[in-house]
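What follows is one structure encoded as structure tokens, with my remarks underneath.
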Amino acid sequence: MSHSHHDCADHHGLEGQSKLESFLFSCELSSKVPFYTFQGDEEEDLEHFLELRTICLGEGAKEESNVVEVTAMNHQGKTSSVPIANLHLSCLPMVSLGDFELKAPVTIRLKAGTGPVTVSGLHLIVSQVEDLSDEDDDDDDEDDEEISPIKPAKKKQTQ
């Protein structure tokens, strides 16, 4: 599943116009696989974000506390680990995080419990989009139609 947005520069503090693509993300943590590290591609012009939405216990979970923590960079560039959920089969089998967004790399760890715990959300990829409008000012109307991928995004913003 993929969804694209345009002109999202303000969302991630990027200069100029950028393109945002989102893909479904999911991983399962357990005593056998207690952590997952989310990495982005090494391409310089792309930024990768992980937007966590839900964390839930899976089939076969025991009556125990399952603590999930994330490790990522803070605003000072230092690694920080924070517990984000404490799930229990009888009272809190699932938690919704809303739009909990972290910049890659991010490690998700099952700090306590045996799981299984499923973590789901979106993998967001932000890329710079070249501004073609300045280069095409002297061209005729036919060239404006070649820029059509940008036009639908502008229509969506005015709604």
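The values are calculated or read from the model by the stated rules, or taken from the named source; none is laboratory data. Bear in mind that the values here come from a model prediction, so they are computed numbers and not experimental data. No Cβ is skipped: glycine too gets one built from the backbone with ideal geometry, and neighbour counts run over all protein chains shown. Side chains are part of the model used for accessible areas, which takes the heavy atoms of the whole protein and leaves out ligands, DNA and RNA. Shrake-Rupley method; radii C 1.70, N 1.55, O 1.52, S 1.80 Å.
Between THR54 and GLU42, how many nm apart are label points set 7 Å from Cα along the C-beta direction?
Taking the two extended label points, one gets 3.6 nm.
Can you run phi through the Karplus equation (6.51, -1.76, 1.60; θ = phi - 60°) for the stretch 23-35 and list ³J(HN,Hα) in whole Hz, with x for Gly and Pro?
Karplus values, whole Hz, x for Gly and Pro: 10, 4, 10, 7, 8, 10, 10, 7, 5, 7, 10, x, 8.
Mind ranking VAL68, VAL33 by accessible surface for me, highest first, 1.4 Å probe?
Putting VAL68, VAL33 in descending order of accessible area: VAL33, VAL68.
Roll a 1.4 Å probe over the protein heavy atoms and report the accessible area of PHE35 in Å², nearest 10.
Approximately 100 Å² of PHE35 is accessible to the 1.4 Å probe.
Per-residue accessible area for ARG109 at 1.4 Å probe radius, Å² rounded to 10?
80
Rounded to two decimals, what is the ratio between the C-alpha radius of gyration of the stretch 14-89 and 2.2 N^0.38 Å? Write down the numbers at each step before the final one.
Numbers: Rg = 15.7 Å, N = 76, 2.2 N^0.38 = 11.4 Å.
With N residues counted in the stretch 14-89, Rg over 2.2 N^0.38 Å equals 1.38.
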